[in-house]
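Since the structure comes first, as structure tokens, the remarks are kept for the end.
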2 protein chains.
Amino acid sequence: MVQTQNSVIIALDAMGGDNAPDAVMHAAELVLQKQTGVSFLIFGNQSKLEPYLQQLPNLREHSTIMHTDSTVSADEKVSSALRQGKNSSMQLAINAVKEGKAHSVVSGGNTGALMAMSKLGFRMLPGIDRPAILSRIPTIRGRSALLDCGANVDCTAEHLFQFAIMGDAYARAVMDVEKPLIGILNVGSEELKGSDVVKQAAEMIRSSSVPLNFYGFVEGTDILSGTVDVVITDGFTGNVALKTMEGTAKMLSHNLRSALERNWMSKLGALLLRNSLIKMSRTMDPRYHNGAMMIGLNGVAVKSHGSADKVAFAQAIGNAIALARNGVNQRIIAEMRAYHDFVHKNENTVETSAAPL
Amino acid sequence: MVQTQNSVIIALDAMGGDNAPDAVMHAAELVLQKQTGVSFLIFGNQSKLEPYLQQLPNLREHSTIMHTDSTVSADEKVSSALRQGKNSSMQLAINAVKEGKAHSVVSGGNTGALMAMSKLGFRMLPGIDRPAILSRIPTIRGRSALLDCGANVDCTAEHLFQFAIMGDAYARAVMDVEKPLIGILNVGSEELKGSDVVKQAAEMIRSSSVPLNFYGFVEGTDILSGTVDVVITDGFTGNVALKTMEGTAKMLSHNLRSALERNWMSKLGALLLRNSLIKMSRTMDPRYHNGAMMIGLNGVAVKSHGSADKVAFAQAIGNAIALARNGVNQRIIAEMRAYHDFVHKNENTVETSAAPL
């Protein structure tokens, strides 16, 4: 049966995020209303979670509550979360994936803690040095993937190169793009501009044995125009870019709202535009783009925005299901293997030809 | 007479930018229609510029054309522009300021060339190591200053500290803010997050003798929410942030336009909203925020967006006039002097107390 083959178990950290556990429980129910072959392991305080199962019939049927009292708080330091959070809902949900009891984990909790716990729990994929946070961005043409959105504030060219391979694998596996176009974020598209790191990374991609479809450098304007399918950058710049988009969108909707409410004529106009504006806001609403993948790990962890409501959290769960089903990690492993075979071959050549000192 | 005291001469590179010289000449006329006490030295091809003076009566009266055949092209390499552009309209306009014949220069040409020529021509202000590109950003609360927007891709903590002093002086002198609130762009507002460079820069500002009103770290979302008056960052991140705003705004207006044209009802709604939307777009229209200052130089150079039309270029000229009138550079010099006196005093203390080896 196809359904059985594709059946997916998702581990949920029910206690992470501003609206937990309410948003998490209702989100899981929303997902079950639309998808078959999905079940949940829900980690959190049983006495707080049980009442939801009374109201949510699908969830009652397709989930198991795994009780724990311990949680990681949003502002807890990573070191403290690692020491004191061994029995936290976040850690136990990660363990479930590590132990093969679930296919992927979703949490709306502390980003730093989720990254550190996932890294320790899952370890890196072979050939990958650092995990990255990959976010999907709505563009004029559709969607693109931006990484790293904040896992690594300092990156070498080698890291950026590995991000390119991971982004490529992601776009092929999850975004259904056959030959994803990849760009490196820079201050200008001319080859001479930019930092040494981005120039070296571009050179590594161009001369690599991995057949990446490399566009070259892109600028901030290109992220949302959809010039490329995958935008590569360090975690500092990527995080600033992501949050600048958020801030810009917030300011523009604030201004639009004021414009719609200016006088009776604009209010009437707004009424006529209601359906059309709702459709527009759905395209841009960050809730529908929620759920960043912690990519590069030997296990699938999805981070939901801390402020996610049930609609947004359901989107993050949807991403976790898609990631579990489409084997993005297998693709990364294959691409990295091809790359390392090539590097290894070249290193051997150098060793053989080098004269002894 | 006040008008005579405040009279300002602006050197215009009439040949720089996609719409030059048309946009430049009409922009200058627009400015003259609104302001008194302004005159122009216009550098460019006389046979191309003269015809404009026939149509533009104010400009004819208040400008002098300084002929040159040579121009710097938009895609010319900086090294080539410096070598071959000695008689270019851009270089001659800069020379006019250097020689005291004009108060500030405005160009819509090649950014790299303008920065390099201004740096060589004007030299740095005492105590400042690197110039920065300062852009004004519309925010929910008003306006803020963002620097560096692209002059320096790699920055040390000392550079960021100097940007903070320059941004402070700018906000006091040009934005009329008494105690400008200053933030350093980072990936999170918690003190522990971020790169070593931003952490060190924050420490330098906190422990400095210059009384800066330091907010701490800000994130990408804060740039447009107006959390602070001045946002400090390196030229790589600043450029990406600026262009990401541009891209986001472009996508949102694209989506809004589609929403307004969806069907007859939305078209009618759009008609009713017309005035209100025009007012809104004026707040956000990048044309009204055009004109970035090359700050840190011993002379005032303003860079207009290459694609500026006459309205946008007039805004850049307006900025150049304001900068000439309000003495931002004198403030920077005073603040840097106070800082260096302090550092010097402390260095002496260390020298005295240090035991000989």
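Computed from the coordinates by the stated procedures, all read-outs in this text should not be read as laboratory data. Every value quoted in this text rests on a predicted model; they were computed, and no experiment measured them. Virtual Cβ from ideal backbone geometry, glycine too; neighbours counted across all protein chains shown.
Where nothing but the Cβ of Lys and Arg (+1) and of Asp and Glu (-1) is charged, how large is the charge dipole of the protein assembly as shown around its Cα centre, in debye to the nearest 20?
1840
Relative contact order of the range B:251-344: what whole-number percent is it, with Cα pairs under 8 angstrom and at least 6 residues apart?
That works out to 19 percent.
Expressed as a whole number of Å, what is the distance separating the alpha-carbon centroids of the range A:245-263 and the range B:267-320?
18
How would A:Leu297, B:Leu82, A:Leu224 line up from fewest to most surrounding beta-carbon atoms within 10 angstrom?
So the ranking, lowest neighbour count to highest, is B:Leu82, A:Leu297, A:Leu224.
Over chain B, with a Gaussian network built from C-alpha contacts below 10 Å, which listed residue (B:Ser79, B:Ser104, B:Ser135) shows the highest mean-square fluctuation?
B:Ser79
Among bridges DSSP assigns within the range B:1-160, what percent are antiparallel (round to 5)?
Roughly 25 percent of the DSSP beta bridges within the range B:1-160 come out antiparallel.
If each DSSP helix of 4+ residues adds -39,500 (n - 2.57) and the sum is divided by the residues in the protein assembly as shown, what number results at 222 nm, nearest 500 deg cm²/dmol?
Working: 28 runs with 372 residues, N = 714.
My calculation for the protein assembly as shown gives -16500 deg cm²/dmol from helical runs alone.
Can you tell me the relative contact order of the range A:191-321? Whole percent, Cα pairs under 8 Å, sequence separation 6 or more. Mind showing how you got there, number by number?
Working: 75 pairs, mean separation 15.7, N = 131.
Computed value for the range A:191-321: 12 percent relative contact order.
Considering every residue in A:221-232, what mean count of other chain Cβ atoms within 10 Å of its Cβ is obtained?
Mean partner-chain Cβ count within 10 Å for A:221-232: 3.
Chain B: longest stretch without exposed GluC sites (Glu not before Pro) (DSSP loop, at most 14 other Cβ within 10 Å), sites themselves excluded?
B:1-98
Viscosity 0.692 mPa s, temperature 37 °C: give me the Stokes-Einstein translational D for chain A in µm²/s, with Rh taken as the Kirkwood radius over C-alpha pairs. Let's see the in-between values first.
On the way: Rh = 21.6 Å.
Stokes-Einstein gives a translational diffusion coefficient of 152 µm²/s.
For the protein assembly as shown, give the share of DSSP beta bridges that are antiparallel, in percent and rounded to the nearest 5; count only bridges with both residues there.
30
List the DSSP H helices in chain B whose Cα atoms stretch 18 Å or more along the helix axis and whose mean Kyte-Doolittle hydropathy is at least -1.0.
B:22-34, B:157-173, B:235-260, B:264-284, B:310-326, B:328-353
Other chains' Cβ within 10 Å of A:250-262 residues: what's the mean?
6
Kindly put B:Ser258, A:Ser207 in sequence by how many other C-beta atoms sit within 10 Å of each C-beta, fewest to most.
A:Ser207, B:Ser258
Counting only other chains, and only Cβ atoms inside 10 Å, what mean value do you get across the residues of B:298-311?
Across B:298-311, the average partner-chain Cβ count within 10 Å equals 0.
Over the range B:98-176, calculate the relative contact order: mean separation of alpha carbon pairs under 8 Å at least 6 apart, over the residue count, as a percent.
21
Express as a percent, rounded to the nearest 5, the fraction of DSSP beta bridges in chain A (both residues included) that run antiparallel.
30
Which entries in B:Lys101/B:Lys250; B:Lys48/B:Lys86; A:Lys34/A:Lys303; A:Lys250/B:Lys310; B:Lys179/B:Lys303; A:Lys243/B:Lys267 show an alpha-carbon gap greater than 31 Å?
Numbers: B:Lys101/B:Lys250 40 Å; B:Lys48/B:Lys86 20 Å; A:Lys34/A:Lys303 21 Å; A:Lys250/B:Lys310 29 Å; B:Lys179/B:Lys303 26 Å; A:Lys243/B:Lys267 33 Å.
Distance filter (> 31 Å) returns B:Lys101/B:Lys250; A:Lys243/B:Lys267.
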